[in-house]
Amino acid sequence: MEKRLKEPITSELLRQAKRLGFSDKQIGRIVGKDDLEIRKIRKDAGIIPVVKQIDTLAGEWPAKTNYLYLTYGGTTNDFEVSSEQERIAVLGAGPYRIGSSVEFDWGTVNMVWGLQENGVKEVSVINCNPETVSTDYDICDRLYFEELTLERILDVADFEKPKGIVTAAGGQTANNLTSKLAKNGIKIIGTAYEDIDKAENRSKFSEVLDELHILQPPWRAFSNLADAKKFANTVGYPLLVRPSYVLSGAAMRVVWSHEQLKRYLEEATNVSPDYPVVITKFMLNSLEVEVDGVCDGKDVIIGAIIEHIESAGVHSGDAMMCIPPWRLGNKIIETITDYTTKIATAFSIRGPFNLQFLVNADQVYVIELNIRASRSMPFVSKFVRINLISLAARAVLGKPLPKLPKDMWRKTNSYGIKVPQFSFMQLEGADIILGVEMQSTGEAACFGDSFYDALAKGLLSVGYSLPKEGSALITIGGAENKEKLLHTTLLLKSLGYKILATEHTAEFLSDKRIGNVDVVYKISEPQRKPNIADFLYQRKINFIVNVPSTSTLEKYVGMLYDEYQIRRKAVELGIPVLTTTELADSFVKTLEWLRNNETTKKPLEQYESFD
């Protein structure tokens, strides 16, 4: 068929190609035309898909479920939609994968329910994941089990003729289609596509922040290595580098030298005027903070201010998060609240949004704005007992938000902790070190009467063991990290845990007079005893503190293979590994808390009514 498509296209050839599953984009690529040109050619020729109903009763009785799909393998539609009824379509999040999971399905379903509660008579969903609630045919009026591509959504829209489409509930997958849909005549229900584009375009976003006198980390877009090096010399390393067209952490790297910068730009990306890279100053020793909220264009409701437990540099999808913030002062919180209100109204947001901040040396910097539902929104909604997506449904329809109490997240008298779930065991050879690219495949949200109550539940929920006694292996890179974890090691010692350490870490602890630290040797030196590998296989290590060095020298040479071997073997044996100073400290203090306390057991409370 590909060979035949290189010949002059006839209507019959085009129809056959569509029946064989060729998309407009694939056909366009073969014949040298834009996908929208192919779309016009086939529509002019009357080549359009028909809507068929999935037989959910296996032919035993007539199926009446509105579980639908589009196909070129038919000539008639199984049913027609009413021309009198006003309807809205909602885009889901597509297949589950790293970066898009059940949180966005929650957003999709609650958006459907919210629209129905606010008077929308018919709500359709377009999504293609059989594992989701949004693809249960009784959730919405009509479910189109289809891929989330421009071609397919336009086909559905041609059939449905909706008042508009909501793209803000299905995460970045749906959000990426906003501009293309709008340019093809589809009304976007919620924030205008021009404002979404202004937030997604780094230059336009930066201009708005400058007008609002809001700080952001130094950044620039580059199309050649020479200019990138000049910028690096000006702001200094480390730098965060990514292609300008990539979102959600994909293809991001932290680089620490000219050599790494050159290698990344030459090997990892195609740098040219058409494909520039965005380079941002990476601020070490910073806190990362997020805000989930809803805006109706004028009024802003902040669901919560959320603090990452790890320092900035771990992707928000992989970081542990805490409500309320546990290290932020009132002045910082007031600044974040002020910035959030200014930014949400400046972008005329009508619906859900997520705003990300850095806090460095008591200065607040804005990282990015996502005008859509976030993966932390279900967590925040359940914590404050206000369904943010239900509120967002009002906002996207142009209705005013209700007047709610300020700072609801501060008045719950409890703590919420979100802990990521990883699948490293199923990924052969994967390293568990976290960075700016997302790796988690799920998460657990737990609430408690104290920070450590909630954290203990969260850690247990994702598979950590919290031993009351035993041995801890400590291997820490870099003098700064060793100093940071000195108090943590002393606390472990006072709790009665046996301390094992690699040579350099043991030498440091000995100099600090920790006392009774047993030296163990590297996995790569099996002849030296006692050896870490033996202790791991014999289950003589209950958990591991393995924090890689942040020193510049080690960043040049990459991660040490011995450290990787320890982490990998531990994962394969189900032994907890703590790879950041913040997580290690919180983990040990949780063990201390459990000595005299038990985790609380309370039912999840219902959402509050805001009418």
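The values are calculated or read from the model by the stated rules, or taken from the named source; none is laboratory data. Keep in mind it's a predicted model, so treat the numbers as computed, not measured. Glycine also receives a Cβ, built like all others from the backbone with ideal geometry; neighbour counts cover every protein chain displayed. Note: accessible area is taken over every heavy atom of the protein model, side chains too, but ligands, DNA and RNA are not part of it. Shrake-Rupley method; radii C 1.70, N 1.55, O 1.52, S 1.80 Å.
Yes or no, residue by residue, for (1) assigned to a strand (DSSP E or B); (2) touching a residue at least 40 places away in the same chain (Cβ under 8 Å); (3) in contact with a strand residue (DSSP E or B) (Cβ under 6 Å, 6 or more places away or on another chain):
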| position | (1), (2), (3) |
| --- | --- |
| Leu492 | no, yes, yes |
| Ser524 | no, yes, no |
| Asp534 | no, no, no |
| Ile541 | no, yes, yes |
| Gln565 | no, yes, no |
| Val588 | no, yes, no |
| Glu592 | no, yes, no |
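Results for (1) over 27 Å from Ser390 (Cα atoms); (2) open to solvent by 20 Å² or more (accessible area, probe 1.4 Å); (3) among the hydrophobic types (A, V, I, L, M, F, W, C); (4) over 20 Å from the mean Cα position of the chain (by Cα), shown as yes or no for each residue.
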site: Thr340; (1), (2), (3), (4): no, no, no, no
site: Ile343; (1), (2), (3), (4): no, no, yes, yes
site: Ala346; (1), (2), (3), (4): no, yes, yes, yes
site: Ile349; (1), (2), (3), (4): no, no, yes, yes
site: Phe357; (1), (2), (3), (4): no, no, yes, no
site: Ala373; (1), (2), (3), (4): no, no, yes, no
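Answer yes or no: is there a residue in the stretch 294-309 that is small (Gly, Ala, Ser), within 28 Å of Lys262 (Cα to Cα) and either open to solvent by less than 10 Å² (accessible area, probe 1.4 Å) or assigned to a strand (DSSP E or B) (or both). No, the stretch 294-309 contains no residue that is small (Gly, Ala, Ser), within 28 Å of Lys262 (Cα to Cα) and either open to solvent by less than 10 Å² (accessible area, probe 1.4 Å) or assigned to a strand (DSSP E or B) (or both).
Every residue, every condition in (1) in contact (Cβ under 8 Å) with a residue 12 or more places away in the chain; (2) open to solvent by less than 40 Å² (accessible area, probe 1.4 Å); (3) within 27 Å of Leu401 (Cα to Cα), yes or no:
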residue	(1), (2), (3)
Val102	yes, no, yes
Met111	yes, yes, yes
Asn118	yes, yes, yes
Lys121	yes, no, yes
Asp141	yes, no, yes
Phe145	yes, no, no
Leu154	yes, yes, no
Asp158	yes, no, no
Gly164	yes, yes, yes
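Does the stretch 48-63 contain any residue that is in contact (Cβ under 8 Å) with a residue 40 or more places away in the chain, open to solvent by 30 Å² or more (accessible area, probe 1.4 Å) and touching a Gly at 6+ places or on another chain (Cβ under 8 Å)? No, that holds for no residue. Selection of the stretch 393-419 for residues being of a type in the set (Gly, Ala, Ser), under 21 Å from Ala444 (Cβ atoms) and open to solvent by less than 20 Å² (accessible area, probe 1.4 Å) yields only Gly416. Put simply, of Glu60, Glu37, Glu12 the only residue that is assigned to a loop (DSSP other than H, G, I, E, B) and out of contact with any strand residue (DSSP E or B) (no Cβ under 8 Å at 6 or more places or on another chain) is Glu60.
Of all the numbered requirements in (1) outside any loop (DSSP other than H, G, I, E, B); (2) surrounded by 13 or more Cβ atoms within 10 Å (Cβ to Cβ), Ile514 misses one, and that requirement is (1). In the stretch 167-199, how many residues are within 20 Å of the chain's Cα centre (by Cα) and either more than 22 Å from Pro95 (Cβ to Cβ) or of a type in the set (Val, Ile, Thr) (or both)? Going through the stretch 167-199 one residue at a time, the tally reaches 6.
One residue stands out among those in the stretch 169-191 that are in contact with a Lys or Arg (Cβ under 6 Å, 6 or more places away or on another chain) and at pLDDT 95 or above: the one that is nearest to Met111 (Cα to Cα), which is Gly190. Cβ separations smaller than 9 Å between residues 6+ apart or across chains give the following pairs from the stretch 67-94 residues that are without any contact (Cβ under 8 Å) to a residue 40 or more places away in the chain to residues that are open to solvent by 70 Å² or more (accessible area, probe 1.4 Å): Thr71/Arg19; Gln85/Lys121.
Looking across the stretch 434-464, the residues that are of a type in the set (Ser, Thr, Tyr), open to solvent by 30 Å² or more (accessible area, probe 1.4 Å) and more than 16 Å from Lys602 (Cα to Cα) come down to Thr441, Tyr464. For the stretch 259-293, name all the residues that are open to solvent by 20 Å² or more (accessible area, probe 1.4 Å), within 23 Å of Ile196 (Cβ to Cβ) and modelled with pLDDT of 90 or more. Of everything in the stretch 259-293, just one residue is open to solvent by 20 Å² or more (accessible area, probe 1.4 Å), within 23 Å of Ile196 (Cβ to Cβ) and modelled with pLDDT of 90 or more, namely Thr280.
One residue stands out among those in the stretch 465-485 that are open to solvent by 60 Å² or more (accessible area, probe 1.4 Å) and in a helix (DSSP H, G or I): the one that is farthest from Ser376 (Cα to Cα), which is Ala479.
Residue check: is Gly478 under 21 Å from the mean Cα position of the chain (by Cα) and of a type in the set (Gly, Ala, Ser)? Here the answer is no, as Gly478 does not meet what is asked.
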